[in-house]
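Data first, discussion second: the structure below is written as C-alpha cells.
The values are calculated or read from the model by the stated rules, or taken from the named source; none is laboratory data. What you see is a predicted model; the values in this text were computed from it and never measured. Note that each Cβ is placed from the backbone with ideal geometry, even for glycine, and that neighbours are counted across all protein chains shown. Surface accessibility is based on the protein's heavy atoms, side chains included, excluding ligands, DNA and RNA. Shrake-Rupley method; radii C 1.70, N 1.55, O 1.52, S 1.80 Å.
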Amino acid sequence: DKLFAEAKQGDADAQFVLAERFRSRSALDIDDQQAFLWYRRAAVSGHADAQFRLARCYSRGNGIAADQEVALTWYLAAAEQNHAEAQARLGWCYQTGTGTRRDMDRALTWYYTASASGNAASQFSLGDIYARGTDVVVDIDAALRHWEQAAQQGHARAQMSLALAYTNGD
C-alpha cells in the first residue's frame, strides 16, 4: 500500500494518517499499539497533530503504559506549534497538577493562548475559573465573557453555565 510505504520512508503526514487508521478501525480491529508506534514516528518528526495524539496515548494508556509526565512533554511540544487542543490540555494539566505540579499561572497562560485560537474548552474553563474564584478573584463579568465565547461555538456546558448565571441574575 502506498500510504504504508510513504510512512516507512519517514513521511510524517503519512505516518499520522496511518496511525489514525489504526486508531479508528472498527471496534474489533483497533490496534492501539500500532497507532502509538506510528504517532510516535510522526511526532518525533515534528508533526503537531501526532504529538497531541501521542500525548493522549500516554495520558490514557492507549498502546503504551499511562505516563502523565511524558504526556505533558508531548502536549508541550504540540502546544509550542500552536496546537490549540494541546494548549487547552496543558492548561488543564497545570490546573489539576496532572503530570506536573499544580500551577495556576501556567494554567491561565495556556488557557488564554488556546482561547485566543478559538478553543471552546479553554474559553469554558476560563469562565469556570473566574466564576468560582479558583486562585483568582471572582469576576462574574469575565466568566460571562468567556462562557459566551464558548457557548457561541456550541459548547453545551458553557451554554448551561450562561443559562444558570442569567437565571440567577448574575
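Numbers for the structure displayed
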{"quantity": "Solvent accessible area, Å² - residue 47, 1.4 Å probe, full protein context", "calculated": "30"}
{"quantity": "Separation of alpha-carbon centers, the stretch 155-170 and the stretch 113-147, rounded to whole Å", "calculated": "13"}
{"quantity": "Computed [θ] at 222 nm, helices only, for the chain once each DSSP H run of length n ≥ 4 contributes -39500 (n - 2.57)", "calculated": "-22500 deg cm²/dmol"}
{"quantity": "Segment residue 66-residue 103, extension gain: residue separation times 0.36 nm, minus the distance between their alpha carbons", "calculated": "11.1 nm"}
{"quantity": "The chain: translational diffusion in µm²/s, Stokes-Einstein, Kirkwood Rh over Cα pairs, 37 °C, 0.692 mPa s", "calculated": "192"}
{"quantity": "Share of carbon and sulfur in the accessible heavy-atom surface of the stretch 56-149 [1.4 Å probe, %]", "calculated": "46"}
{"quantity": "Surface accessible to a 1.4 Å probe, per residue, for the residues of the chain, Å²", "calculated": "53"}
{"quantity": "Where labels lie 7 Å past Cα in the beta-carbon direction, separation of residue 24 and residue 44 in nm", "calculated": "2.5"}
{"quantity": "Coarse-grained scattering of the stretch 75-170 at q = 0.13, 0.25 Å⁻¹, given as base-10 log I(q)/I(0) from a Debye sum over alpha-carbon atoms", "calculated": "-0.41, -1.23"}
{"quantity": "Relative compactness, the stretch 20-110, computed as alpha-carbon Rg over 2.2 N^0.38 Å", "calculated": "1.08"}
